[in-house]
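Presented below is the structure to which this report refers.
The values are calculated or read from the model by the stated rules, or taken from the named source; none is laboratory data. Because the structure is a prediction, the values reported are computed rather than measured. No Cβ is skipped: glycine too gets one built from the backbone with ideal geometry, and neighbour counts run over all protein chains shown. Heads up: the accessible areas ignore ligands, DNA and RNA and are worked out on the full protein's heavy atoms, side chains in. Shrake-Rupley method; radii C 1.70, N 1.55, O 1.52, S 1.80 Å.
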Amino acid sequence: GLGFNIVGGTDQQYISNDSSIYVSRIKKDGAAYLDGRLQEGDKILAINGKELKDLRHKDAVELFRNAGCYVSLKIQRRLQPQNGPVGHQGNGDSGGLPVAAILVPGLALAATAVWILLRYRQRI
């Protein structure tokens, strides 16, 4: 996987009157953790150019599961770390490098490592 969990959707709103998809947890040593830019509480606006508007939670999960090896995320950064629902700023542009500039190579490296590990295990 991509190394993070999501919450939200039209059927499981994380924030009242907001059906957006949010990062709820970054898995230690996963692709997102190793990349270091995605943060818990970030709102995910799009994956691989597909906007995540008005989706049920399970449909959003399917988009992430079927994203492929090269993933581009458009995110909206949270204002500050806090417990519970989070605030947001801006119009979805986080500035700096796009998440994909580091996440994609990181995911490719992680996928290659998993492939090598699986091939190695099959030979034993």
Give me the 1.4 Å probe accessible area per residue for region 4-76, excluding ligands and nucleic acids, in Å².
55
Of all accessible surface on region 4-76 at a 1.4 Å probe, what whole percent is carbon and sulfur?
43
Points 7 angstrom from Cα along the Cβ direction at residue 16 and residue 120: gap in nanometres?
5.2
Taking a label point 7 Å from the Cα of residue 111 along the Cα→Cβ vector, which residues of region 38-67 have an amide N closer than 14 Å to it?
48, 64-67
